[in-house]
Amino acid sequence: MMIYKYKNAPKRKGFSINQELIRPYSTDRIQLPGLLYTPDVPTNKIVIHIHGMSGNFYEDEFNDNLARVYTNNGYAFLPFNNRGMNYITEMHKGNEFVIKGSSYELFEDCVIDIEGIVNWVKERGYNHIVLEGHSYGCNKAVYYYTQKQDESVKMIVLLAPCDIPKEVENYTGKDYQTCIRKAKELIENGKKEELIDFCVFANGKISAKTFYTDLLYNRTCDFF
């Protein structure tokens with residue numbers, strides 16, 4: 001197993017912002033844990049942070065800085081895990097576990113993830129909502145808003161949006177067309193869940209359905 005180490009990694013400083021571990025649900029009842037940061041003064045304003053491909057709410061250390069900035073300016077801040085967290089992962093659904101992660105997710109399911117979080121914050125009195133996406137999360141934030149047109153969403157923040165299919169083509173290089181052919185063949189043979197080689201950000205595998213349905217040109221998420 002190869003372990004990557006970062007040289008001269010900065011030490012994390014103490015963190016004193018009000019925090020609460022929460023466990024809201026998508027509208028199809030998948031548990032999506034998150035961390036709610038709140039300012040000292042009560043507010044109806046909140047930033048919902050949508051992580052990027054294979055991300056999560058607890059490893060992106062820049063969330064600490066975002067939390068400080070937002071809470072210092074009267075906003076609550078909520079990063080959460082969506083069903084595209086990590087590469088392959090187990091997630092609670094009712095009394096069972098389901099296998100999710102970026103290797104299996106379908107882009108359009110971002111709507112039911114974000115809608116679940118939006119419903120949760122509304123129930124707690126937040127009616128001035130900012131959707132913030134990072135990387136692949138930018139696509140999800142924009143797509144959710146175009147589908148729902150929720151008047152409670154006042155702003156959208158895009159952190160490092162990227163051209164997903166172009167990035168996939170760049171990373172796979174000479175294997176790009178091979179991946180397309182393999183994914184299409186598997187889907188046509190009823191094996192859409194089967195994993196193919198996919199070397200992006202150290203991920204070694206992705207399901208045929210996710211690759212072919214979402215990560216190529218002219219798919220639903222291809223608008224940056």
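Using the structure shown, decide if Lys184 is out of contact with any Ser or Thr (no Cβ under 6 Å at 6 or more places or on another chain), at pLDDT 95 or above and either part of a helix (DSSP H, G or I) or farther than 17 Å from Leu106 by Cα (or both).
yes
Restricting attention to the stretch 113-129, and to residues there that are β-branched (Val, Ile, Thr) and assigned to a helix (DSSP H, G or I), which single residue is surrounded by the fewest Cβ atoms within 10 Å (Cβ to Cβ)?
Val121
Find the residue count for the stretch 130-176, including only residues that are in contact (Cβ under 8 Å) with a residue 40 or more places away in the chain, in a helix (DSSP H, G or I), open to solvent by 10 Å² or more (accessible area, probe 1.4 Å) and in contact with a strand residue (DSSP E or B) (Cβ under 8 Å, 6 or more places away or on another chain).
The qualifying residues number 1.
Can you pull out the residues in the stretch 187-214 that are part of a loop (DSSP other than H, G, I, E, B) and either of a type in the set (Phe, Trp, Tyr) or in contact with an Asp or Glu (Cβ under 9 Å, 6 or more places away or on another chain) (or both)?
Lys191, Phe201
Could you tell me which residue of the stretch 67-108 is surrounded by the fewest Cβ atoms within 10 Å (Cβ to Cβ), considering only residues that are more than 28 Å from His128 (Cα to Cα) and without any contact (Cβ under 8 Å) to a residue 12 or more places away in the chain?
Step by step, filter the stretch 67-108, then rank; the result is Asn95.
Yes or no: the stretch 71-82 includes at least one residue that is at pLDDT below 95 and either part of a strand (DSSP E or B) or not small (Gly, Ala, Ser) (or both).
No, the stretch 71-82 has no match at all.
Considering (1) over 24 Å from Phe211 (Cα atoms); (2) more than 16 Å from the chain's Cα centre (by Cα); (3) at pLDDT 95 or above; (4) not aromatic (Phe, Trp, Tyr), say which one Gly94 fails and leave the rest.
Condition (3) is where Gly94 drops out.
The values are calculated or read from the model by the stated rules, or taken from the named source; none is laboratory data. Model, not experiment: these values are computed from the prediction. Note: ideal-geometry Cβ built from the backbone for every residue, glycine included; neighbour counts use all protein chains shown. Keep in mind that these areas ignore ligands, DNA and RNA; they rest on the heavy atoms of the full protein, side chains included. Shrake-Rupley method; radii C 1.70, N 1.55, O 1.52, S 1.80 Å.
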